[in-house]
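See below for the structure under consideration.
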Amino acid sequence: MRKGKLIVIEGTNCIGKETQSKLLVKNLKKEGYKAINFSFPNYKSPTGKIIGDAYLGKNGQSFFSEGSANVNPKISSLYYAADRLYNIDIINKYLEDGFIVVLNRYVESNMAYEGGKIKDIKARNMMYEWLDNLEFVLLELPRPDLVIYLYLPYEYVLKIKNQRGEPTNEDILRMSEIAYFELAEIYEYHKINCLKDNNIRSINDIANEINKTVKINLEMDENNEYK
């Protein structure tokens, strides 16, 4: 049994997952916990560079002329799964050493974004099961102890991306939101609403709720060795 704890921060774009991951680690360290954060994809690794360049075309043009949004979801999923497998050893080492490892995106992103490409709900659920078996069973990636889903309605995400001049696909945002809702129910994610009175909550306000959620989870584990 691993000594550490794996916490995943999930959600669609533009809601500050990376910022919140770093803040969570910073706050955990202040309280004396051993904590570290990572992000997936790991664009600095060979597999991450394949995703960023060849698949997504971040530094030019994607190798997939149809665009990543139109690639078969199982094909796309294999790239992201390979990146996690390539980089998982360092994460497992920290877990074995009793660290709280905080991840910005993980297997759940594959399920939401690639599953969200599938309109039929029965086929979409089969995709969730296929990915669960692929990544957690066949590839033996560690399952998270806690998944925190930061929810911001896709309409707000769309506005933010438009304001930034970033290319976006409304259908992808809408379908990934539907998928996250389904996954949150299936896997019992802890959902945090990033809106209050129709306004986006402050970074610190969201961080405080994340901290409380994590502390409750840690306190439930009587045998923790994270300090």
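The values are calculated or read from the model by the stated rules, or taken from the named source; none is laboratory data. Remember, predicted model here, so these are calculated numbers, not experimental data. Here the Cβ is made from the backbone with ideal geometry for all residues, glycine too, and neighbour counts use every protein chain on show.
In contact (Cβ under 8 Å) with a residue 60 or more places away in the chain and under 29 Å from K227 (Cα atoms) - does that describe any residue in the stretch 72-84?
no
Specify the residue that is modelled with the lowest pLDDT; the eligible residues are those in the stretch 1-53 that are outside any helix (DSSP H, G or I) and of a type in the set (A, V, I, L, M). If you could, list the steps in order and put the result at the bottom.
First, the residues of the stretch 1-53 that are outside any helix (DSSP H, G or I): 1-16, 31-45.
Going one step further and asking which of them are of a type in the set (A, V, I, L, M), we end up with 1, 6-9, 15, 35-36.
On the way: M1: 65, L6: 98, I7: 98, V8: 98, I9: 98, I15: 87, A35: 98, I36: 98.
Applying the filter and picking the extreme gives M1.
When you scan the stretch 39-71, how many residues do you find that are over 18 Å from N104 (Cβ atoms), of a type in the set (F, W, Y) and under 19 Å from the mean Cα position of the chain (by Cα)?
Of the residues in that region, 1 qualify.
Out of the residues in the stretch 177-227 that are among the hydroxyl-bearing types (S, T, Y) and closer than 21 Å to V25 by Cβ, state the one that is farthest from the chain's Cα centre (by Cα). Quick ask: steps written out before the conclusion?
First pass over the stretch 177-227, keeping only residues among the hydroxyl-bearing types (S, T, Y): 180, 187, 189, 202, 213, 226.
After this cut, where a residue has to be closer than 21 Å to V25 by Cβ as well, the list is 189, 202, 213, 226.
Numbers: Y189: 11, S202: 20, T213: 17, Y226: 22 Å.
Filtering the stretch 177-227 for residues that are among the hydroxyl-bearing types (S, T, Y) and closer than 21 Å to V25 by Cβ, the one farthest from the chain's Cα centre (by Cα) comes out as Y226.
If I filter the stretch 121-135 for residues that are assigned to a helix (DSSP H, G or I), in contact with a Pro (Cβ under 7 Å, 6 or more places away or on another chain) and surrounded by 14 or more Cβ atoms within 10 Å (Cβ to Cβ), do I get at least one hit?
Taking the stretch 121-135 and keeping what is assigned to a helix (DSSP H, G or I), we get 121-135.
Filter once more, so that each one left must be in contact with a Pro (Cβ under 7 Å, 6 or more places away or on another chain): 127.
Subsequent filtering for residues that are surrounded by 14 or more Cβ atoms within 10 Å (Cβ to Cβ) retains 127.
So far as the stretch 121-135 goes, yes, one or more of its residues are assigned to a helix (DSSP H, G or I), in contact with a Pro (Cβ under 7 Å, 6 or more places away or on another chain) and surrounded by 14 or more Cβ atoms within 10 Å (Cβ to Cβ).
Go through (1) under 15 Å from F38 (Cα atoms); (2) surrounded by fewer than 20 Cβ atoms within 10 Å (Cβ to Cβ) for G67 and report which single condition fails.
(1)
Can you tell me which residue among K26, K34 is of a type in the set (D, E, K, R), surrounded by 14 or more Cβ atoms within 10 Å (Cβ to Cβ) and farther than 19 Å from Y128 by Cβ?
Numbers: K26 fails: surrounded by 14 or more Cβ atoms within 10 Å (Cβ to Cβ).
Answer to the selection: K34.
Could you tell me whether L95 is assigned to a strand (DSSP E or B) and in contact with a strand residue (DSSP E or B) (Cβ under 9 Å, 6 or more places away or on another chain)? Can you show your working first?
Working: assigned to a strand (DSSP E or B): no; in contact with a strand residue (DSSP E or B) (Cβ under 9 Å, 6 or more places away or on another chain): yes.
No; evaluated as a whole, the condition is false for this residue.
Of a type outside the set (A, V, I, L, M) and at pLDDT below 95: which single residue out of D132, D145, D171 fits that description?
On the way: D132 fails: at pLDDT below 95; D145 fails: at pLDDT below 95.
Sole residue among the options that is of a type outside the set (A, V, I, L, M) and at pLDDT below 95: D171.
Take the residues of the stretch 174-200 that are modelled with pLDDT under 95 and assigned to a loop (DSSP other than H, G, I, E, B): which is farthest from M127 (Cα to Cα)?
Per the criteria, the residue is D197.
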